[in-house]
Structure formats: C-alpha cells, structure tokens
C-alpha cells in the first residue's frame, strides 16, 4: 500500500522526523485558505498522486509540471486551479496519467545540499538495509550505475534494531559534522523507528536536505507498507486512496486474489506466485505478452475462480486466457468446476486455454471435456503457452 506525500508528512511529524510543514487542499479556494494560514514567504504547490517524476510531468490540459514554487496566495490558488481535476502524466504513470484530486501546499526551503536516504527490506540478506548517498535529488539507479562508490549501505539486525553507532556511521558517510552530524543521527534513528513500528517495506527520502539555516529535513518521501501487516495499523489503512489504485487490483483484493495488471493481451489465471511468474515468462518466450499476474492461491473456491475470470474479461485488451494449475493443496476438479461455471456465467467470447496437472487431474479434465464449453486443452506449460499465443493472432 502507498500513501500520499502529505500523509507521509503526518507520519514524519508523529515520529519526530523533521520535515517542512505541508497541508492538503481539494479545491483552489481551500488551497488559498491553507496558504494564507501558513503565512510564508514562498510556497511549494505539489500535485498529490501515487507516482514519481511529478516535477517533470505534464498535465493533459497543457500545464507543465506537477510541482511549482510560488510567492503569493493568489499564485497558490492559480496553480492549484490548473492542477486539481486534471490528469498528470509522468514517466511512471504512462500515457494514461493520474487524476489529481488533491494538492499539497508546503513550506519552501532554501537548500545547501541534497542527499538520498532510504530504508528497505533486503530479500537476500533477510533484514532491513539503509541506503544513503551524497548525491540526492536524482534517480538512485542512475547513481548506482554511474558512481556506485557514492552509495553506502548499512544492514540492520532486526533482533536488535538500528544501533546508535550505525546511525552515526551513516551520518558520517554523508560527510556531516558537528551539530549537523548530531541532527542527522537523530533523524536517521527516528526514521528507523517509523519504519519498524509501522511495518514499512520502504521509506525513501529523496531528497534528504541540509538547509541554508542548517536544518536536516525530509523534503520528499515515498512510503510502502507490508500489506500483510496492515491489520495491525488501522490508522494507516484509513490513509488508503483506492482512487489511485488499479480498479481491477482493488476488486481482486476484495476476493482475496493477488492481481497485478500488465500491458499484454493474454490473461493469466494461475495458482502460486512462482508458477504465475514462470507462466508469464514462457508466454514471453513464445512471443506473447501477459496481461496480468493473477494468483488464486492454494485454497481457491469455485466462486473465487469465477470472480477471477470476471476481472480478466473486464480488461478489453485481453484476447485470450491461459489457466495454468498445478494441483497440490488445490484440487484440479475444483478449478475445472470453477472454469466451467465462469465460462457459462460470463459468456466468454475469447479463447480459453487450460492446462491442469496434479491432484484429481483426470477428474478435472473429464469435467472440462464433458462441459460443452469451448476450451482448448493443453498437456504441458509449453503447449499451453504456444496455444494461448496462437489464439491471439
């Protein structure tokens, strides 16, 4: 789950992480009221969407940039009026763009230096890692490619948490000294408290800045949370903005389905994340393009399968569906009944390729064969992928 930047500021304030003040607004009039109440010399107006690259983005109404520096309340209102209700296109949104429903009015600060700082989960080491760099305000992947020595990492034992010497070590690596070193050490410690207390999978601050009046602050932030831990954080769940999410993914989550939309034309229905990824790979291998990742899990019911098909067929770009099931805990006959029921209920008009293997596979195949539904059977994953790709031609 992701949150907006103004919500990230609320969490920073809660955990004592220094950040410029910033408040949201939903209308130009509200934006002007917020700016007037803040009474600042300069303001930053930021479009609030779940996507990076806002500053270099373009609105479909022709307005350039999702981040603007202005000096007066009237300018705040004018910029907000050009952003709100409009679609912002960035490198991360694709051509579709994102509708801007809120803007954030924030304090403008004068910068002395920009840094990169993030805490995320390292899957290989099975622990959190701090990643920091003296080169902030730019894409960290570019820094890693052009100047890898500018990036420092510190791995954190989850049993003990972030130790004081580790926070100090990172602050020193950013070439901070004296009062700034003490500020940065406290800053890093508080960010880690936030990260661990709220079950975050990512807290990325880009840039972390030192201002001209020698304050260490988080100027921008991106948060990701572990969805499996959100039940412990109802206050975070309240921050969820489903309008920023793919409607298909939102619907799938209501049915306990793991769905991620992609750009291809072959819908995939698979049990198990590993098999789902292998299925997408082999579709690509044979010249096709998967339209989604969809894992029905190991305990899917007929109803879940029907709902999965309903989501797949709502996608107009899907020209064929590939069902790939390996029955372990999941029984092939249950999947077969779900497939038949879905095909009849939804009245599918696109080719359906089904490959079953594992528990009750013969019974599952018999159910499909006797159903009278137009199903293309496959004996192996290779066979299934080739038939699905051919069906889209």
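Structure notes:
- Counting only residues that are under 13 Å from the mean Cα position of the chain (by Cα) and more than 27 Å from residue 11 (Cα to Cα), region 240-261 holds 3 of them.
Yes/no per residue for (1) surrounded by fewer than 17 Cβ atoms within 10 Å (Cβ to Cβ); (2) in the same structural domain as residue 364 (by TED's automatic domain parsing); (3) touching a residue at least 24 places away in the same chain (Cβ under 8 Å):
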site: 230; (1), (2), (3): yes, no, yes
site: 265; (1), (2), (3): no, yes, yes
site: 274; (1), (2), (3): yes, yes, no
site: 279; (1), (2), (3): no, yes, yes
site: 284; (1), (2), (3): yes, yes, no
site: 316; (1), (2), (3): yes, yes, no
site: 324; (1), (2), (3): no, yes, yes
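- Residue 375 being modelled with pLDDT under 90 and touching a strand residue (DSSP E or B) at 6+ places or on another chain (Cβ under 9 Å): no
- Qualifying residue in region 184-201 (condition: farther than 29 Å from residue 1 by Cβ and surrounded by 16 or more Cβ atoms within 10 Å (Cβ to Cβ)): yes
- Whenever a residue of region 61-79 is under 13 Å from residue 25 (Cβ atoms) and assigned by TED's automatic domain parsing to the domain that holds residue 40, its partners that are modelled with pLDDT of 95 or more and assigned to a loop (DSSP other than H, G, I, E, B), lying with C-beta atoms within less than 9 angstrom and at least six residues away or across chains, give the pairs 79/63.
- Some residue of region 287-296 being in the same structural domain as residue 382 (by TED's automatic domain parsing), in contact (Cβ under 8 Å) with a residue 24 or more places away in the chain and surrounded by fewer than 15 Cβ atoms within 10 Å (Cβ to Cβ): yes
- Residue 49 vs. criteria in contact (Cβ under 8 Å) with a residue 12 or more places away in the chain, under 18 Å from the mean Cα position of the chain (by Cα), within 30 Å of residue 249 (Cβ to Cβ) and surrounded by 17 or more Cβ atoms within 10 Å (Cβ to Cβ): yes
- Options 300, 320, 343, 308: the member that is over 30 Å from the mean Cα position of the chain (by Cα), in contact (Cβ under 8 Å) with a residue 12 or more places away in the chain and either more than 16 Å from residue 255 (Cβ to Cβ) or surrounded by 18 or more Cβ atoms within 10 Å (Cβ to Cβ) (or both): 343
- Those residues of region 118-150 which are touching a helix residue (DSSP H, G or I) at 6+ places or on another chain (Cβ under 6 Å), outside any loop (DSSP other than H, G, I, E, B) and either closer than 20 Å to residue 185 by Cα or in contact (Cβ under 8 Å) with a residue 40 or more places away in the chain (or both), in sequence order: 119, 130, 132, 133, 150
- Condition broken by residue 165, with the remaining ones in (1) at pLDDT 95 or above; (2) outside the structural domain of residue 34 (by TED's automatic domain parsing); (3) outside any loop (DSSP other than H, G, I, E, B); (4) surrounded by 14 or more Cβ atoms within 10 Å (Cβ to Cβ) satisfied: (4)
- Qualifying residue in region 284-295 (condition: within 19 Å of residue 3 (Cα to Cα) and under 17 Å from the mean Cα position of the chain (by Cα)): no
- Residue 80 vs. criteria closer than 25 Å to residue 194 by Cβ and surrounded by 16 or more Cβ atoms within 10 Å (Cβ to Cβ): no
- Residue within region 367-381 that is within 21 Å of residue 283 (Cβ to Cβ), crowded, with 23+ Cβ neighbours inside 10 Å and under 30 Å from the mean Cα position of the chain (by Cα) present: no
- Beta carbons closer than 6 Å, at least 6 apart along the sequence or on distinct chains, pair a first residue in region 236-260 that is over 17 Å from residue 295 (Cα atoms) with a second that is modelled with pLDDT under 85 for 240/1.
- Per-region count, region 326-339, residues farther than 15 Å from residue 295 by Cβ and either buried (at least 22 other Cβ atoms within 10 Å of the Cβ) or in contact with a helix residue (DSSP H, G or I) (Cβ under 6 Å, 6 or more places away or on another chain) (or both): 6
- Of the helices (runs of 4 or more DSSP H) that lie entirely inside region 173-265, those containing 3 or more residues that are in contact with a strand residue (DSSP E or B) (Cβ under 9 Å, 6 or more places away or on another chain) span 178-197, 247-254.
- Odd one out for residue 176, checked against (1) surrounded by 20 or more Cβ atoms within 10 Å (Cβ to Cβ); (2) more than 21 Å from residue 150 (Cα to Cα): (2)
- Qualifying residue in region 139-151 (condition: buried (at least 17 other Cβ atoms within 10 Å of the Cβ) and at pLDDT 95 or above): no
The values are calculated or read from the model by the stated rules, or taken from the named source; none is laboratory data. Here the structure is a predicted model, which is why all the values come from computation and not from measurement. Glycine also receives a Cβ, built like all others from the backbone with ideal geometry; neighbour counts cover every protein chain displayed.
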